[in-house]
1. Taking TYR120 as the residue in question, decide whether it is in contact (Cβ under 8 Å) with a residue 12 or more places away in the chain and not in a loop (DSSP other than H, G, I, E, B).
2. What is the residue count in the stretch 123-135 for residues that are part of a loop (DSSP other than H, G, I, E, B) and without any contact (Cβ under 8 Å) to a residue 40 or more places away in the chain?
3. Report yes if HIS161 is buried (at least 16 other Cβ atoms within 10 Å of the Cβ) and not aromatic (Phe, Trp, Tyr), otherwise no.
4. Limited to the stretch 236-257, what total is found for residues that are within 23 Å of ILE14 (Cα to Cα) and of a type in the set (Val, Ile, Thr)?
5. Need at least 2 residues that are open to solvent by less than 20 Å² (accessible area, probe 1.4 Å) and modelled with pLDDT of 95 or more per element, so show me which helices (runs of 4 or more DSSP H) inside the stretch 179-280 make the cut, counting only ones lying wholly within it.
6. Which of the residues belonging to the stretch 2-40 are part of a loop (DSSP other than H, G, I, E, B) and at negative phi?
7. Mind checking which residues of the stretch 136-176 are over 26 Å from ARG256 (Cα atoms) and either part of a loop (DSSP other than H, G, I, E, B) or of a type in the set (Ser, Thr, Tyr) (or both)?
8. Mind listing whichever residues of the stretch 76-101 are closer than 16 Å to CYS151 by Cα and of a type in the set (A, V, I, L, M)?
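The values are calculated or read from the model by the stated rules, or taken from the named source; none is laboratory data. A quick note: this is a predicted structure, and the numbers were derived from the prediction, not measured. Cβ placement follows ideal geometry from the backbone for every residue including glycine, while neighbour counts extend to all protein chains displayed. These area figures cover heavy atoms from the full protein model, side chains too; ligands, DNA and RNA do not enter into them. Shrake-Rupley method; radii C 1.70, N 1.55, O 1.52, S 1.80 Å.
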Amino acid sequence: MHYQDHLRVGAAQINASLGDVDANLERHLAFIADARRKGLELLVFPELSLTGYGLGNRVIDVACPAHDPRLAELAHAAGEMQVVVGFVEEASPGEYYNALAILQHGKLQAVHRKLNLPTYGGLEEGKLFTHGSELTHLPVCPGWSATSLICADLWNPGLVHAALLARPTVLCAPINSASGIVSDDFSNEQNWAVNLQFYAMTYGTPVIMANRFGPEGNSHFWGGSRILGPRGDTLALAEDGETLIEAQLSRTAIARARFELPTHRDADTPLVRELMDGYR
């Protein structure tokens, strides 16, 4: 099988209208149409991009099952492009997940459920959602695959390591990061940059991070969406406002980065598992 060397990817930095799924759906359709015109093959929206973040009890009102017709409409619009969209999934009555719909070839390919639900600072997701329990790794096109982790998932190093052992060529990172939401002394803007650069460089894996920009209640989402190469280099960085950023990734560049720093090869999973068993 022939593997294409380049992949055109993008991040949609939007600001969701809290609780208004239909309005957010129209915004998604516009960005998807723009991305397809530009020839993108993988597009990532922010966490909970169809609903907004500070939902509280409104989680019940905005939740939808994976077979919801609005997701089907987005899948049809996506066509052959893989699109990662944030939504609240209703799995059963009263069981809700902070989730991603992964859409491609005109249909829903998978749902990824957030694994690490933050309950610190101004974050209270553990009160609203059930945590996921599985990793998601899907092909994008020949020679390319993507794994998605949602926001706080990336602040649990064990989860990131486990996700990247599958050797995806791209890590998708939809987030909802507001200034000062953790504490006055913890800078989301600076620390996210360190976090993402570290993982991209350590694992030789490009990262597509999509954050929101704009207000929601008393919160301000600072944007900073970015696409990093396999050495942690910044290939695209969003300015303030709603915008679509794009970059071209190289499979050859990923191979060289991983060959020179063989984190995957030297992971020694059996040893790590043995050591971790002592901490149960």
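1. Details: in contact (Cβ under 8 Å) with a residue 12 or more places away in the chain: yes; not in a loop (DSSP other than H, G, I, E, B): no.
Considered against the rule, which asks whether it is in contact (Cβ under 8 Å) with a residue 12 or more places away in the chain and not in a loop (DSSP other than H, G, I, E, B), TYR120 comes out as no.
2. First pass over the stretch 123-135, keeping only residues part of a loop (DSSP other than H, G, I, E, B): 123-124, 128-135.
Restricting the remaining residues to those that are without any contact (Cβ under 8 Å) to a residue 40 or more places away in the chain gives 124, 130-135.
The total comes to 7.
3. On the way: buried (at least 16 other Cβ atoms within 10 Å of the Cβ): yes; not aromatic (Phe, Trp, Tyr): yes.
Taking the combined requirement at face value, the residue satisfies it.
4. Quick first cut of the stretch 236-257, residues within 23 Å of ILE14 (Cα to Cα) only: 236-249.
Pick out the ones that are also of a type in the set (Val, Ile, Thr) and you get 243, 245.
The qualifying residues number 2.
5. Values: elements: 188-203, 251-260, 269-277.
Output list reads 188-203, 251-260.
6. Of the residues in the stretch 2-40, the ones part of a loop (DSSP other than H, G, I, E, B) are 2-5, 14-20, 38-40.
HIS2, TYR3, GLN4, ASP5, ILE14, ASN15, ALA16, SER17, LEU18, ASP20, LYS38, LEU40, listed by residue number.
7. Within the stretch 136-176, the first condition is being over 26 Å from ARG256 (Cα atoms), and the residues that meet it are 150-153, 155-156, 174-176.
Those that are over 26 Å from ARG256 (Cα atoms) and either part of a loop (DSSP other than H, G, I, E, B) or of a type in the set (Ser, Thr, Tyr) (or both): ILE150, ASN156, ILE175, ASN176.
8. If we filter the stretch 76-101 for residues that are closer than 16 Å to CYS151 by Cα, which is where we start, we get 84-88, 97-101.
Within the stretch 76-101, VAL84, VAL85, VAL88, ALA99, LEU100, ALA101 qualify.
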